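Nothing in this text is a laboratory measurement; each read-out follows from the coordinates by a stated rule. Because the structure is predicted, anything quoted here is derived from the model rather than measured. Neighbour counts are summed over all protein chains in view; Cβ atoms, including those assigned to glycine, are modelled from backbone coordinates with ideal geometry.
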Amino acid sequence: METATIAPPIKSEEYFINMGPQHPATHGVLRLLLTLDGEIIKKVEPDLGYIHRSIEKMCERNSYQQIIHLTDRLDYLSSHINNEAVCLAVEAALGVEVPERVKVVRTILDELIRISSHCLWWGVMGMDLGALTSYFYAFRDREMINDIFEETCGARLTMNYNVPGGLMHDIHPNFVARTREFLAHFKTKLPEYDRLLTDNVIFQKRTKGVGVLSRQDAIAFGASGPVGRASGYSCDVRVHHPYSALPKVTFKEALRTEGDSFARYQVRIQEMWESVAIIEQLIDAIPEGPHQVATDAVIKLPKGEFYQKVETARGELGVFIISTGTKNPYRLKFRSPGFSNLSLLNHIAVGGKIGDLVATMATLDLVIPDIDR
Amino acid sequence: MSNDALQALIGSWFPEPEADKLQCSTEGSQYLTISLDPAYLSGLMERLKSSPETQFDYLFCLTGVDWGKELGVVYHLESTTHRHILVVKVQTADREEPCFDSVSHLWPTANFHEREVFDFFGIRFRNHPNLKKLFLTDEWEGYPLRKDYTDEVNMIVK
């Protein structure tokens, strides 16, 4: 017997939801306005400015030595590299050549902080996907790097160890031994990272094929760092515009072609290995010599425009200084990697599920103070 | 392509450089810098991106600048094929309603960067797909990164 039932046509309608500004997966005060149809993302619109401090305006009223202290507060996980960016720009403008010792120490510290930043990202990435153990593994190893920084720079996060012309003071006598100890330790721990998370089937299913970014779009959206390199776009500033001791070392740029969340994950894991390799090439042969060349107490840059690119843990940081010849910059712009990487989130998240948005955002590795400058 | 070759090539695109206010120079900057009349900005940018000799496909920085009298925008371009870098500058003396052509259809990254400049300098971008405030609230008065901006409460003037 047939029963005639008239099923009402299934309709869905779009609705808004606020993700943030207080949301654990945004890792800071980022607000995303999501337009959803059921679980499917139709649009992601970031709303910024919750911790904007107008650092660029503050720079216009401060001396170049003071500005370095503000750059710590951009991407606080790459603070040493941010400091270096301003120092390199000022040194290039003044025509100061820093001693070899300074270059080598700067590069070693750059790579240490890159490992530290990637460790934090790795731990938090696992946690975002519900695997809490990775967080403890990563923080155990990151702690050793923080100790090295504390001993040599006097601070664990906001170093301010770079000054125009060199380093604030010489490295700590324990620095070399501690760094070697860390490298030996970390090389035994990195394979554990793979066993715990990389090879995990659930983890792979949640990241493979999710949030795919093509090479062409990566360039068009100004992606840099691991986000660009996971799409097969060779964008490592360390390769194309090497600075400090980087011309002296050899390393392989981590490149993948898939462009999905898993590729971005793999690029960062490979980068940790490469950073270890870079430090190993330098740590046994830190040249003797002064740790600083004297600069004027009041630094005045010549009239002109100066641009310096560096590779932070998140990608390409640009410092653009317009000087009118006074002790303050007339205009100082920070081109932050996170800002451009955030702008492509809508592009790669639309059409996916809201649950995958968390995984995608974790692999973009956003640091909000870097976006809200 | 070297700076001289770039300068010669771009110069050849403009038969009347005086009429277009075209200026090329490497003085005071490590990159070749081109400034021109904003009316020709859109055409130049399209050509810089699409020409096989230049292929500037990567806009790595977009900066708003208050020059005191004029407001301007500085574009930093790089080619991922040829690895050369070029700086393009435009400016306008109109401080009431400054407006330039948007380049976000050429480089989607400009979308956010132009919104930032709109926020802090009040410069509008013609044909921008979504020109609204990004950092500041809608009620915010004034443009904080302009040189004549004052805020007696939040700004400490030494």
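Just a few scattered comments:
- For A:K43, the residues 5 or more places off, or on other chains, whose built amide H falls under 5 Å of its own are A:T35.
- Along each principal axis, Cα extent of segment A:124-277, largest first, Å: 47, 36, 25
- Taken over the alpha carbons of segment A:283-330 as equal point scatterers, the Debye sum produces base-10 log I(q)/I(0) values at 0.16, 0.17, 0.31, 0.33 Å⁻¹ of -0.74, -0.79, -1.02, -1.08.
- Mean per-residue shielding of peptide B:56-66 is 6, counting Cβ atoms of other chains within 10 Å of each Cβ.
- Computed over segment A:71-182, the ratio Rg/Rh where both radii use C-alpha atoms and Rh is Kirkwood: 1.03
- Computed from backbone phi with θ = phi - 60° and the Karplus coefficients 6.51, -1.76 and 1.60, the 3J(HN,Hα) list for segment A:367-373 is 10, 5, x, 6, 7, 8, 7 Hz; x is used for glycine and proline.
- Across all directions, the average flat footprint of the convex hull enclosing the Cα atoms of segment A:54-371 is 15.1 nm².
- Averaging Cα coordinates gives a centre for segment A:81-99 and one for segment A:197-254; these two points are 26 Å apart.
- Chain B - percent relative contact order, Cα under 8 Å, separation 6 or more: 17 percent
- A Förster radius of 22 Å, combined with the Cβ-Cβ distance separating A:R61 from A:A297, puts the computed FRET efficiency at roughly 0.75.
- Across all Cα atoms of segment B:3-126, the radius of gyration (one decimal) and Dmax (whole number) stand at 13.8, 40 Å.
- Using distinct alpha-carbon pairs, which all enter the 1/r mean, Kirkwood radius of segment B:26-71 in Å: 12.7 Å
- Ranked for footprinting exposure by Cβ neighbours inside 10 Å, fewest first, A:I299, A:I67 give A:I299, A:I67.
- Amide H to amide H, with H built 1.01 Å from N, B:L32 comes under 5 Å of B:V87, counting only residues 5 or more places away or on other chains.
- Three-way shape call for segment A:215-373 based on the alpha-carbon gyration tensor, with the a/c threshold at 1.5: oblate
- Calculated log₁₀ intensity ratio I(q)/I(0) where the Debye formula runs over C-alpha points of the protein assembly as shown, q = 0.06 Å⁻¹: -0.29
- Backbone HN-Hα couplings from phi across segment A:228-234 [Karplus 6.51/-1.76/1.60, Hz, Gly and Pro as x]: x, 5, 5, 9, x, 9, 6
- Counting only the Cα atoms, segment A:1-84 fills a convex hull of 136 Å³ per residue.
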